[in-house]
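Participant: Got a structure for you, written out below as structure tokens; questions coming shortly.
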Amino acid sequence: MKIAVRILLPTLLLGTSVAFAQENPVPPAAEAPAEKHIDVSFRGSLRDALKRIAEDGGLNLVATGDMDTPVEVRLQSVTAEQALRTVASTYSLRLDQDGSIFTLRPQTAAEKTASVAPPAPLMAPVPPVPPVPSISADDLDPKEIQKRVRDGIRRAQRRGNGAHDVVARGQSLEVKASEEVDNAVVYGGNLVVKGRVEEDAVAFGGNLDIYGVVEGDAHAFGGNVVLHEGAAVEGDVSAIGGTVIRKDGTLVEGSTQSFSGASIGALVADEIKDNLKQTLGHEEPEAAPQVAANVESKRHHGGGIVGFILRFAALFGLGFLGQIFFPARMKELSAEIKGQPVKSALTGLLGFLALIPITAVLAITLIGIPVAVLLWLVVPVVVALGLAVLASEIGLKVPVLRGRKTQAAVLALGLLILLTVGAIPGIGAVVLTLATLVAFGAIIRTRFGQRVRGFPEPITPSSVG
């Protein structure tokens with residue numbers, strides 16, 4: 001009996017502890033939350049790209065130093081830390097981590113040379129850019145080279161006439177880091193792109209160096225294409241008669257081709273000479289690669305519109321002042337233009353022809369030189385007044401604003417029509433020339449609105465009776 005009690009008591013205690021254990025199970029260890037993955041599609045400055053990554057990934061980030069380099073970042077399903085480390089490695093940034101705080105700054109020259117790795121664990125190193133395959137002269141048909149060069153010149157000429165295109169002939173050209181242009185084309189010089197080219201960048205007879213962004217294609221005919229660290233090209237890259245050189249940290253979304261070899265370079269140079277001679281009308285073949293002895297670099301940034309506005313403002317101002325201070329003379333000019341437009345045009349032509357010998361005669365003596373200078377200052381002013389009168393006549397004939405036409409409205413409407421027609425290629429120059437001759441002739445025929453009316457006959461005693 002005592003033995004049974006001794007065995008029963010420990011058994012009951014053991015069963016009680018097992019029951020409690022089943023009623024209050026030990027909670028399993030909490031699983032660590034999965035890291036957040038983000039997608040990054042950004043184009044802008046390096047600083048803004050880092051800021052976007054930190055905001056999307058919820059990271060604490062401190063960025064210091066010069067980080068205005070234009071970049072394009074496209075990453076999918078990566079952690080924010082991976083994105084930061086990839087961008088830092090690509091653009092030579094020093095990345096330090098203190099707990100949950102990341103610090104980024106540009107590497108010093110010594111750090112770049114020594115390739116000092118950040119103390120934080122890094123992801124797998126980015127592999128270097130593979131070498132660009134080069135096609136030799138034996139592997140390429142000369143007719144194919146000729147076709148590519150001709151097509152490239154035609155495209156460049158078509159795309160080099162826009163309002164925001166930059167073209168250089170016979171000299172090098174640089175698109176600065178702060179500039180954005182549509183197309184950049186160089187004939188007979190080197191092209192350096194540090195800013196942004198929204199379409200194509202092309203160099204004929206020179207090298208193409210890209211530090212910034214080219215959203216279209218990048219081609220060099222008879223030179224090399226060098227993609228420096230941080231460069232991005234969204235289209236194709238090719239060097240015909242040269243080599244495409246890609247450094248680490250560059251982005252090319254299209255194809256990359258090099259057609260090198262001395263024979264290809266000579267063939268490209270000859271083809272550039274022939275095509276530019278035909279299309280640009282140069283007589284000397286030796287001047288074709290330089291494209292012009294008279295170096296021309298054009299940067300169109302809306303100059304046509306500005307010139308139109310300035311001409312309109314000058315003519316409107318002179319015409320309005322003339323109507324205020326010389327109303328009778330302006331009315332006389334208007335009558336002459338309406339009544340004798342052909343005679344006024346012929347008189348204006350003779351007047352312009354006479355200015356040359358008159359100036360020559362006045363320039364012989366010291367006294368006549370100031371008179372000649374004054375003459376050439378006065379003539380443009382009176383011609384502008386005559387054009388304003390002619391524009392007012394045009395404005396009166398237009399069937400708009402009936403019953404509500406003021407002198408200012410009539411003048412403005414006429415000038416707008418006259419200058420708009422004058423801006424039409426070909427016919428515009430003829431119209432403005434005729435209008436100028438009519439205006440100048442009316443000035444001469446009326447002596448600036450002070451026509452000689454003749455002298456009254458003398459009164460004699462016989463006529464009185």
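The values are calculated or read from the model by the stated rules, or taken from the named source; none is laboratory data. The shown structure was predicted, so the numbers you read here are calculated from the model rather than taken from an experiment. Positions of Cβ are generated from backbone atoms using ideal geometry, with glycine treated the same way; all protein chains shown enter the neighbour counts.
Participant: For ARG246, indicate whether it is within 23 Å of GLY428 (Cβ to Cβ) and at pLDDT 55 or above.
Facilitator: no
Participant: Among (1) surrounded by 12 or more Cβ atoms within 10 Å (Cβ to Cβ); (2) in a loop (DSSP other than H, G, I, E, B); (3) of a type in the set (A, V, I, L, M, F, W, C), where does LEU366 come up short?
Facilitator: (1)
Participant: Go through ASP182, ASP209 for me and flag whichever is at pLDDT 90 or above and closer than 27 Å to ARG43 by Cα.
Facilitator: Of the residues listed, the single one that is at pLDDT 90 or above and closer than 27 Å to ARG43 by Cα is ASP209.
Participant: Hey, can you tell me all the residues within the range 331-380 that are touching a Ser or Thr at 6+ places or on another chain (Cβ under 8 Å) and under 20 Å from ALA442 (Cβ atoms)? Before the answer, list the steps.
Facilitator: Step one: list which residues in the range 331-380 are touching a Ser or Thr at 6+ places or on another chain (Cβ under 8 Å), which gives 332-334, 336-337, 348, 372, 375-376.
Those that are touching a Ser or Thr at 6+ places or on another chain (Cβ under 8 Å) and under 20 Å from ALA442 (Cβ atoms): GLU332, LEU333, SER334, GLU336, ILE337, GLY348, LEU375, TRP376.
Participant: Sticking with this structure for a sec: Kindly evaluate GLY254 against the criterion of being surrounded by fewer than 19 Cβ atoms within 10 Å (Cβ to Cβ), farther than 18 Å from ALA168 by Cβ and either in the same structural domain as THR86 (by TED's automatic domain parsing) or modelled with pLDDT of 80 or more (or both).
Facilitator: yes
Participant: Specify which of the listed residues (PRO106, PRO142) is farther than 25 Å from LYS36 by Cα, at pLDDT below 80 and under 37 Å from the mean Cα position of the chain (by Cα).
Facilitator: Matching residue, one of PRO106, PRO142: PRO142.
Participant: If a residue has to be surrounded by fewer than 22 Cβ atoms within 10 Å (Cβ to Cβ) and aromatic (Phe, Trp, Tyr) to count, how many in the range 189-234 make the cut?
Facilitator: Summing the residues that are surrounded by fewer than 22 Cβ atoms within 10 Å (Cβ to Cβ) and aromatic (Phe, Trp, Tyr) in the range 189-234 gives 1.
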